[in-house]
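Here, each number is a calculation from the coordinates, and none is a lab measurement. Bear in mind the structure is a predicted one, so any value in this text is a computation, not a measurement. Glycine gets a Cβ as well: all are built from the backbone with ideal geometry, and neighbour counts include every protein chain shown.
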Ligand code: NAP
């Protein structure tokens, strides 16, 4: 049976490492600040906002919340983002998405100052990830996958990693982070031919698709590490399930991350770490 790569100890270790850095910032007169901008009352957004705020506040990060009506105009939203950009006590901003359909999400994202973009939503922040520079931040979920792999000492250099899903939120930036760590990366998507065969050739498979059970016994080999990023609501079970058919896959592979309790449990800790790093970069630039 596969070793379970649980997210909780990864998040705990990450937060422990942050405590000293936050103390050093405090000694320099800086309290890290996180702005959260939410439009409307989507239960998913509210749940993530609560979890992110709780994690941040426990660490001593000040959280500034802005909630806009779900019918707000593009101008209202962009003005709120301008306020965040101008507020020197805010080092990082989380804009909860998806935005309501009447809003131009791309334009809203691009309005955010890339130095405060701690979730890889601006071209400026993603450019740093693309170039492998120490500027910008990858989306928190992509960074959470890297934290998980590192915590469990899963070797990346020279390994074949297949990432399934090429969105800008997970798969694409993750592929670049893995490449930056000398993995040989195959980025798969809905048009990939012979997906199962491609996946069987990898040492590590990361599934970030949003299709329950897509990664089944036919896609895996003994010895592989499988990271399940997918979150899908299973009506019958009344719970979240990943993209991996765990009943089939877990008995076959070496290690697997569960859903729930895997990558998803690390994202708020990563978000907090990005706020701290943004504050440190601001201090360094002064
Ligand atoms: P997305 O934007 O819908 O992208 C899905 C990707 O999967 C696309 O690249 C798509 O290919 C690919 N795909 C769809 N069907 C496929 C198939 N049959 N075979 C191979 N590839 C296929 O989704 P996302 O935002 O990246 O999210 C992916 C999953 O991660 C979702 O379940 C989401 O809920 C989860 N997620 C979890 C967290 C967390 O904190 N745990 C955070 C973010 C997202 P094309 O590009 O060709 O369409």
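Put in order of Cβ neighbour count within 10 Å, fewest first, the listed residues 184, 268 become 184, 268.
Provide the three semi-axes, in whole Å and in decreasing order, of the ellipsoid equivalent to segment 140-265 as defined by the square roots of 5 times the Cα gyration tensor eigenvalues.
Numbers: eigenvalues 80, 50, 42 Å².
The answer is 20, 16, 15 Å, longest axis first.
Residues 284, 228, 104, arranged from fewest to most other Cβ atoms within 10 angstrom of their Cβ, appear as 284, 104, 228.
By DSSP, the beta bridges lying fully in segment 28-115 are antiparallel in about 0 percent of cases. Residues 159, 70, 116 in ascending order of nearby Cβ atoms (within 10 Å, fewest first): 70, 159, 116.
For the pair residue 4 and residue 19, label points projected 7 Å from Cα toward Cβ lie 2.6 nm apart. Out of all DSSP beta bridges with both ends in the chain, state the antiparallel percent to the nearest 5. Close to 10 percent. DSSP beta bridges confined to segment 140-265 are antiparallel in about 15 percent of cases.
Over every Cα atom in segment 1-57, the radius of gyration and the widest Cα-Cα span, Dmax, amount to 15.5, 50 Å.
Give me the extension gain from residue 192 to residue 12: residue separation times 0.36 nm, minus the current Cα-Cα distance, reported in nm with one decimal.
Numbers: separation 180, 0.36 × 180 = 64.80 nm, distance 3.67 nm.
Full extension of this stretch gives 61.1 nm more.
Between segment 72-138 and segment 162-194, the C-alpha centres lie 23 angstrom from each other. Scaling against 2.2 N^0.38 Å puts the C-alpha radius of gyration of the chain at 1.01.
In this rough spin-label picture, where each label sits 7 Å from Cα along the Cβ direction, the residue 281-residue 75 distance is 3.2 nm.
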